[in-house]
Amino acid sequence: MEPFQLHFQDYLSVIRRAKDEGASHDYLRSIFIDFASKSFNVDPVEVELEKGIKGAKLRGSIDALYQDIVFEFKRDLRIERDKGKEELERYLRSLGNKQVYFGILTDGLVFGAYLLQDDGLAKIDDEVDLGKLSPEDAFLWFDAFLFSERELAPTSQDVVKRFGDTSPVFNSSFHRLSSMLASAKQDPSCKVKYDEWDKLLAKAYGHNVARNELFLRHTYLSLLVKLLAYAALFRKHPKGQQLSEVITGKAFTNLLNLAEEDFFCWVLAPSLEKEALELLRGLERHLMVYDLTKIDEDLLKELYENLVDRETKHDLGEVYTPDWLVELTLRETNFGKGKRLLDPACGSGTFLFTSIQLLREQGLQGTPLVDEVLQNIVGVDVHPLAVTISKVNYVLALIPDLAVYTKAVVIPVYMANSLEGISPTGGQMVDISTGDKDYFHIPTSMAEHPASLDKVIDEMGKYMSGDADIALDGFSRQLESQGYKDWVYLWRGNLKLIRKLVKQKRDTIWTFILKNYYRPAYLRRYPFDIIAGNPPWLSYRYITEPEYQAQVKRLTFSYGLLSKKEVKLYTHMELATLFFVLSTDTYLKRDGVIAFVMPRSVLTGAKQHKRFQEFLQGYQLPPTQLEKLLDVEEVSPLFNVPACVLIAKKHGQVEKVAVKILKGGLTSKNVRWSTAKAELKAATKQKSADKIFPPTLEPSMYLKQIKEGATIVPRSLWFVRPVVSAYGSNQAKPAIETHPEAQRTAKKPWQNIHLEGEVEAQYLCATILGRQLLPFGYTELSLVVLPLEDKPNGLSMVNKEMALGKGHPGLYEWLNKGEALWIGGRKERSPVDTYSRLDYQHLLTCQHTTGYHTVVYNRAGTNLASCVISPPLSKTGLPVRGFAVDADTYYYQTKDDIEAHYLCAFLNAPHVDKTIKPYQTRGQWGERDIHRRPFEYVPIPKFDPKDEKHRKLAELSKECHEKVAKLALTGKSIGLLRNKVREHLKEELAEIDSLAKSILA
């Protein structure tokens, strides 16, 4: 790096001086080529200058063409950027589409990289200004295009730079794969791979994610890691036909299941193979940059997250576990030689990789190490790409030892769902659906002998062609000779089914699926000493795939994590807790230890976690007790939400839990434990379980009357503002438009919606959002269109036909536009019409929009804030019919303003806020969800007008509302504004707090 630093500093000095002197773009180009020659061994002879372009309507010449890079030089991109992009696009088009070219637009200091797409020039990543980059970052940026380095020790960060989603390698590969998929998508064998891939991912993500972009990302990464594994294992790079054999697994002669004919082998279809081999040769050439004998970390997990999980998995959960936390967790379980370990949701395989490293640290090596690992370290994941990457990592951890290993290797990492139960056929079968009401059936007794079962599946593959009767008889005799006479009838059915799939050209993936799917049934028969990993962090409400929903619900009830009476809690259930309990029950032997990285919210007083906490204290079956807790909430960088590691023993008995609290900042997220240990502060305390889990408290008498606001969404259809006009406004039928803030904060596909029109004033209401709510007041109220009318028994919705019939054409037009937009943008599982969405669970029509005092408080936030909304309403911009409560807040309505202020004072009392803290879920920035917790865990008594303290609280609330209304508050941060209010009301809040404590006492 030292020579490059000198060249880099010289280049910056020369190029700046040249630009200051107004040098031509030709001179800037010559300075850069000289720099590239010295720094990256670019031979100037190979740089083609002023290459003329061909075409009937094309004129000009390319400034510089080097290999697959087109350089366009300008004197100053601040002035000439648009012109440069136009020329770059023209030059790239002139080169045709036989090869993928990159375009680099530069003025010598600022560099932008582009790729030509069908719809024009696409920026690969943000522009870089060399003057603002470190020499290290500058070198990596250029070398990602030039790949001049050799014999580099690979690191996960370097792999992301060279092969991640902003790299030239990924972008050119993705472009080629897109073209290949477009021509192959209707091929039946390609379609079945795509469909089965989506089916498994629905279990990994909780919902259907099928889209071409993700499938192509998975394909790219699968191809890359298989090539990486081959180069690392055999210390050579595959040539010619060997490239396709690497992808199908045939090239790995002694590693029977490292690379299999999986979902991503679609690229080897006969019509695509020539193009696929060109793609593979390019990837293989770029991997030559590394010395793969120097791998000493899980090389692939950051690349996996970069290309896949960051955009797809729910933001509360599935991010990779850093090396230091994996190593610490495994050490705390006392993992070592002779102990069998399972990771039931292994992801990229970090726990497996690290466990192999720990065994080597304990003195095992060579054949004894490989034998120990293959017998005792097992991974399962439902994500097909994760399984491929995990297998490759598994092998990379064993590379020095596999060189002397002479036996055939079957890597014990399987693509299956660890939650999968034995089918309803009396526990005798594992049933595998093909998606067309057809099933393969595998006897669980055969699943106990995987090697033999895999052999039967392979044998079945030999009888997929030829005369049907002859094939069935031949396969039957083969089974009988192997001692499976009792199951011949079953396997004849399996063979008939796979022959049917062959005729439909849908057979290409099924032997791969069959060999993996039954593994959980097998693993149950031979439980493990240790289960360790990071299970999916996913709430039930994010699981939309119906089959998986039903499975998770059934298991949650069967393990007693919730009762069927607690249906309202079900959407908040954490999948990680189910994984923990099921894994303990199903895969862990008596006296075994389970250690899972978990969201720290499972330790809070959230009601959906109560049964899980009882399980950890030995009160549920199977008897299990928490032994250790690693609290990493105050470690950064780490996860997006607070986390912990729970370590429990099956049939364990402990009086105290060892709680290790780690705090501090790390120089990098993915450091080793030896580094983290030096950078973090650690303290261990012995605590009884009742000090870890919040106690159950008495609820308030108000609890059943506290309601959630209505889901007034999509907000861009309902949240409005007055249209400013020089001619004033019609108060009876004002001109309104979608509020820009509603557009800005909307989720796709509602972001760019803008409605405008005149709507009858009786359909305008005020509401309040969390970002407008202050203690004892608000910054402003929002204006909303709500199609409501009063009926004798309450509010009722007005649809567009009713509006027209009532002589309200303004509302009719608004609803007509809104309905069309809703139909075009709604999700498949959303209500069919917009009125059902607006009045979901009757949360809107159950409200009183007039004649009541409404106590509102925030649904979420670090601290409680509450105010009373009473008529007449102000700060709305237009006259309104009344006040409606949005789902951003919870509320209580009463005709007694004194009662309303009594309750508001209680909700703003610091004591109440402090009491609910242990019961709030936590996010990256601290306590988060509030919901009904103030009334679930604080026994606020019903208002008694005869009680002097009750009346005094109400008086104080009214005084505070008057003071807040007079405050001149500026600033956008609602948190800062609330703090200013609390500071201003410091004396009143102290008195309110004292009264609240006294009443509760």
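The values are calculated or read from the model by the stated rules, or taken from the named source; none is laboratory data. This structure is a prediction, so every number in the text was calculated from the model and none was measured. We place every Cβ from the backbone using ideal geometry, glycine too, and count neighbours over all the protein chains shown. The area values use the complete protein model at the heavy-atom level, side chains included, leaving out ligands, DNA and RNA. Shrake-Rupley method; radii C 1.70, N 1.55, O 1.52, S 1.80 Å.
Please state which one of Asp993, Asp944 is charged (D, E, K, R), more than 27 Å from Met598 (Cβ to Cβ) and touching a residue at least 40 places away in the same chain (Cβ under 8 Å). Even if it seems obvious, please write down each step before you answer.
On the way: Asp944 fails: touching a residue at least 40 places away in the same chain (Cβ under 8 Å).
It is Asp993.
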Legend entry - Enumeration of residues in segment 720-762 that are open to solvent by less than 30 Å² (accessible area, probe 1.4 Å), under 25 Å from Leu804 (Cα atoms) and assigned to a loop (DSSP other than H, G, I, E, B): Pro734, Ile753, Leu755, Val759, Glu760
Inset, instruction - With a cut-off of at least 2 residues that are under 30 Å from Pro188 (Cβ atoms) and of a type outside the set (Gly, Ala, Ser), name the helices (runs of 4 or more DSSP H) lying wholly within segment 238-350. - result: 242-248, 273-287
Legend entry - Elements of type strands (runs of 3 or more DSSP E) contained in segment 81-137, each with 1 or more residues being among the β-branched types (Val, Ile, Thr), within 24 Å of Phe174 (Cβ to Cβ) and touching a residue at least 12 places away in the same chain (Cβ under 8 Å): 102-106
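Are there helices (runs of 4 or more DSSP H) fully within segment 514-602 with at least 1 residues that are in contact with a Pro (Cβ under 9 Å, 6 or more places away or on another chain)? List them. Don't jump to the end; show me each part of the working.
Working: elements: 519-525, 546-558, 575-587.
The qualifying helices (runs of 4 or more DSSP H) are 519-525, 575-587.
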Legend entry - In segment 207-260, residue surrounded by the fewest Cβ atoms within 10 Å (Cβ to Cβ) [restricted to those that are touching a helix residue (DSSP H, G or I) at 6+ places or on another chain (Cβ under 8 Å) and among the hydroxyl-bearing types (Ser, Thr, Tyr)]: Thr248
Legend entry - Those residues of segment 849-879 which are at pLDDT below 90, more than 15 Å from Arg771 (Cβ to Cβ) and either in contact with a Cys (Cβ under 6 Å, 6 or more places away or on another chain) or not small (Gly, Ala, Ser) (or both), in sequence order: Pro871, Pro872, Leu873, Thr876, Leu878, Pro879
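Among the listed residues Glu633, Glu679, Glu708, Glu698, identify the single one that is in contact with a Ser or Thr (Cβ under 7 Å, 6 or more places away or on another chain), more than 27 Å from Arg590 (Cα to Cα) and charged (D, E, K, R).
Numbers: Glu633 fails: in contact with a Ser or Thr (Cβ under 7 Å, 6 or more places away or on another chain); Glu708 fails: in contact with a Ser or Thr (Cβ under 7 Å, 6 or more places away or on another chain); Glu698 fails: in contact with a Ser or Thr (Cβ under 7 Å, 6 or more places away or on another chain).
Exactly one residue qualifies, and that residue is Glu679.
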Inset, instruction - Scan segment 627-640 and give yes if some residue there is modelled with pLDDT under 90 and in contact with a Gly (Cβ under 7 Å, 6 or more places away or on another chain), otherwise no. - result: no
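Could you check segment 867-944 for helices (runs of 4 or more DSSP H) lying wholly inside it with 1 or more residues that are in contact with a Ser or Thr (Cβ under 8 Å, 6 or more places away or on another chain) and within 21 Å of Thr696 (Cβ to Cβ)? Outline the logic, then answer.
Details: elements: 897-908, 910-916, 933-936.
Those helices (runs of 4 or more DSSP H) span 933-936.
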Inset, instruction - Would you mind stating whether Pro135 is open to solvent by less than 30 Å² (accessible area, probe 1.4 Å), in contact with a strand residue (DSSP E or B) (Cβ under 9 Å, 6 or more places away or on another chain) and modelled with pLDDT of 85 or more? - result: no
Inset, instruction - Report, by residue number, each residue of segment 985-1001 that is part of a helix (DSSP H, G or I) and open to solvent by 90 Å² or more (accessible area, probe 1.4 Å). - result: Lys986, Glu987, Lys997
Inset, instruction - Might you check whether a residue that is free of Cβ contacts under 8 Å to residues at least 60 places away in the same chain, buried (at least 19 other Cβ atoms within 10 Å of the Cβ) and closer than 27 Å to Val380 by Cβ occurs anywhere in segment 462-480? - result: no
Inset, instruction - Looking only at segment 142-173, count how many residues are in a helix (DSSP H, G or I), in contact with a Phe, Trp or Tyr (Cβ under 7 Å, 6 or more places away or on another chain) and surrounded by fewer than 19 Cβ atoms within 10 Å (Cβ to Cβ). - result: 1
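What residue, among those in segment 843-855 that are outside any loop (DSSP other than H, G, I, E, B) and under 15 Å from Asp886 (Cβ atoms), is farthest from the chain's Cα centre (by Cα)?
The initial filter retains those residues of segment 843-855 that are outside any loop (DSSP other than H, G, I, E, B), namely 853-855.
Next, only the ones that are under 15 Å from Asp886 (Cβ atoms) stay: 854-855.
Values: Thr854: 38, Val855: 36 Å.
Among those residues, the one meeting the criterion is Thr854.
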Inset, instruction - Could you tell me whether segment 527-539 includes any residue that is modelled with pLDDT under 75 and in contact with a His (Cβ under 7 Å, 6 or more places away or on another chain)? - result: no
Inset, instruction - Return only the number of the condition from (1) surrounded by fewer than 17 Cβ atoms within 10 Å (Cβ to Cβ); (2) under 27 Å from Val100 (Cα atoms) that Leu181 does not satisfy. - result: (1)
Inset, instruction - Go through segment 224-267 and count every residue that is under 15 Å from Leu300 (Cβ atoms) and basic (Lys, Arg). - result: 1
Inset, instruction - Among the numbered conditions (1) among the hydroxyl-bearing types (Ser, Thr, Tyr); (2) closer than 30 Å to Ala735 by Cβ; (3) within 38 Å of the chain's Cα centre (by Cα); (4) open to solvent by less than 40 Å² (accessible area, probe 1.4 Å), tell me where Ser870 comes up short. - result: (3)
Legend entry - Residues located in segment 780-796, provided they are crowded, with 18+ Cβ neighbours inside 10 Å, within 38 Å of the chain's Cα centre (by Cα) and either within 25 Å of Glu959 (Cβ to Cβ) or without any contact (Cβ under 8 Å) to a residue 60 or more places away in the chain (or both): Leu781, Pro787
Legend entry - Selection count where residues are open to solvent by 30 Å² or more (accessible area, probe 1.4 Å), of a type in the set (D, E, K, R) and touching a residue at least 12 places away in the same chain (Cβ under 8 Å), scope segment 261-277: 3
Legend entry - Matching residues, segment 612-662, being assigned to a helix (DSSP H, G or I) and crowded, with 20+ Cβ neighbours inside 10 Å: Phe612, Gln613, Phe615, Leu616
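Of the residues Arg859, Arg826, only one is buried (at least 16 other Cβ atoms within 10 Å of the Cβ), under 18 Å from Leu717 (Cβ atoms) and of a type outside the set (A, V, I, L, M, F, W, C); which?
Details: Arg859 fails: under 18 Å from Leu717 (Cβ atoms).
Among Arg859, Arg826, only Arg826 is buried (at least 16 other Cβ atoms within 10 Å of the Cβ), under 18 Å from Leu717 (Cβ atoms) and of a type outside the set (A, V, I, L, M, F, W, C).
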Legend entry - Odd one out for Ala532, checked against (1) open to solvent by 40 Å² or more (accessible area, probe 1.4 Å); (2) farther than 26 Å from Lys199 by Cβ: (1)
